[in-house]
Amino acid sequence: MIRHSFFLGASLGLLLVVTTLFARAEAGGEVAEVLFQDGYTLYQQRYSPNAFAKFKEAAKLGHAEAAYYAGNILRRNHTYITEEAEAFYRQAAEGGDVYAMLRLGQEGKLCGTLRSCDYDRDKWIRKALDTALSRAETGDSGAMVELFSAYWAAGDRKSAFEWTKKAAEHGNAFAQYWLAVGLLDEREMGFYWTQAGRRADILKWLKASAEQGFPKAMLKLAVEYKEDGRFDKANGWVDRLGQTDYFDALYNYGLILLDGPEGMFKYPAAKPVEGLAVLMALHRQTGSSAVQRSIDRRLPEIDPELIKKAQAKSEELLVDTPILHYLPKFGI
């Protein structure tokens, strides 16, 4: 009886320890995710030093993607992979982050001027391909997008294009945008009998992405319709730009409203109060010197009473809204 009670007590004690450890691990994971999301917002606002602090803390708690972004910030700051950046990339890669594997596999990325890279680049490229492919084959469209970069790094342009198209067909908004802009337009990949056929596909995929609310596609689609002289369609998308949190979309939206029918978009009517208010709110939230210069150029053309109305209206706009730049994970 005494022996039975001893083992029962020991078992309950062990169970309590294991349960406590799991609870702590889960809590740590939740904290890491909150830190990562905070860092990611700061990163997309181009507040890299503040973002780095969040990513570093999340990485300490085991967050692989946070480690990738921490490494990325260091690499961009130094223009090469420092030892600290390499450590973050290794943590991320070992945690399954495909883009971290690709960073370690990139050629021409010096590990600092006083040391050499002591890892096998080809090994990391192969691991990136294997990791992404295993998930892509189950229908994961995010992994299909990763395969674009992995196959591109491996020198297989055909497979890079094909997997991007598969991701687009699976409804991935970024893949649809990238297929239109990066592959069909800029790199002219894929076979088409005519440029008109290529152009139709570019607009088709941009529209698919824009209709999912991807703001870079919305802005690009408006510009492309404008280039075609289809101003009604262009300005239908212009009106939606003002509802996004994308810096470039909001900036262009404010300018287009100010320009009205005289501008390149031939917007139906000038809206100086609304347009100026958007630019003022955007500058308040971002401190952008480019936005301030645009405001300063336009003020002499606007009636002082309208400027006052715009200033008042700007206080109601973009309040507590993080303005993002939609920086790609791997492209910079």
- request: Determine if the stretch 196-205 includes at least one residue that is open to solvent by 20 Å² or more (accessible area, probe 1.4 Å), in a helix (DSSP H, G or I) and closer than 21 Å to LYS329 by Cβ.
  value: yes
query: Based on what the data block shows, is ILE125 within 20 Å of ALA234 (Cα to Cα) and of a type in the set (Val, Ile, Thr)?
result: no
- request: Scan GLU162, GLU146, GLU188 and give me the residue that is of a type in the set (D, E, K, R) and under 21 Å from GLY105 (Cα atoms).
  value: GLU146
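Conditions (1) more than 23 Å from LEU219 (Cβ to Cβ); (2) of a type in the set (Phe, Trp, Tyr); (3) under 33 Å from the mean Cα position of the chain (by Cα), marked per residue:
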| residue | (1), (2), (3) |
| --- | --- |
| GLN311 | yes, no, yes |
| VAL319 | no, no, yes |
| ILE323 | no, no, yes |
| TYR326 | no, yes, yes |
field: Subset of the stretch 41-90 (residues that are in a loop (DSSP other than H, G, I, E, B), of a type in the set (Val, Ile, Thr) and open to solvent by less than 70 Å² (accessible area, probe 1.4 Å))
entry: ILE81, THR82
message: Could you check the stretch 139-153 and list, in sequence order, the residues that are without any contact (Cβ under 8 Å) to a residue 40 or more places away in the chain and either open to solvent by 20 Å² or more (accessible area, probe 1.4 Å) or touching a Pro at 6+ places or on another chain (Cβ under 6 Å) (or both)?
response: GLY139, ASP140, SER141, GLY142, VAL145, PHE148, TYR151, TRP152
- prompt: Hey, among the residues in the stretch 244-265 that are of a type in the set (D, E, K, R) and without any contact (Cβ under 8 Å) to a residue 40 or more places away in the chain, which one's most open to solvent (accessible area, probe 1.4 Å)?
  reply: GLU262
- line: Selection from the stretch 171-218 of residues over 17 Å from the mean Cα position of the chain (by Cα) and among the basic types (Lys, Arg) yields ARG187, ARG198, ARG199, LYS204, LYS207
- request: With the condition kept exactly as written, say whether any residue in the stretch 92-99 is among the aromatic types (Phe, Trp, Tyr) and either modelled with pLDDT under 95 or open to solvent by 20 Å² or more (accessible area, probe 1.4 Å) (or both).
  value: yes
- request: State whether one or more residues within the stretch 216-230 are β-branched (Val, Ile, Thr), buried (at least 21 other Cβ atoms within 10 Å of the Cβ) and free of Cβ contacts under 8 Å to residues at least 40 places away in the same chain.
  value: no
statement: Matching residues in the stretch 243-271 (more than 23 Å from GLN285 (Cα to Cα) and among the charged types (D, E, K, R)) number 2
message: If I filter the stretch 227-245 for residues that are of a type in the set (Lys, Arg) and assigned to a helix (DSSP H, G or I), do I get at least one hit?
response: yes
query: Of all residues in the stretch 266-308 being charged (D, E, K, R), part of a helix (DSSP H, G or I) and more than 27 Å from ARG46 (Cβ to Cβ), which is least open to solvent (accessible area, probe 1.4 Å)?
result: GLU305
- prompt: GLN311: of a type outside the set (Asp, Glu), open to solvent by 40 Å² or more (accessible area, probe 1.4 Å) and under 19 Å from TYR47 (Cβ atoms), yes or no?
  reply: no
task: Go through the stretch 137-182 and count every residue that is of a type in the set (Phe, Trp, Tyr), more than 17 Å from TYR99 (Cβ to Cβ) and either out of contact with any Phe, Trp or Tyr (no Cβ under 6 Å at 6 or more places or on another chain) or not in a helix (DSSP H, G or I) (or both).
output: 1
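The values are calculated or read from the model by the stated rules, or taken from the named source; none is laboratory data. Note that the coordinates shown come from a computational prediction; the quantities given were computed from them, not determined experimentally. Because the Cβ atoms are built from the backbone with ideal geometry, glycine has one as well, and the counts that use them run over all protein chains shown. Just so you know, the surface numbers come from the protein's heavy atoms only, side chains and all, with ligands and any DNA or RNA stripped out. Shrake-Rupley method; radii C 1.70, N 1.55, O 1.52, S 1.80 Å.
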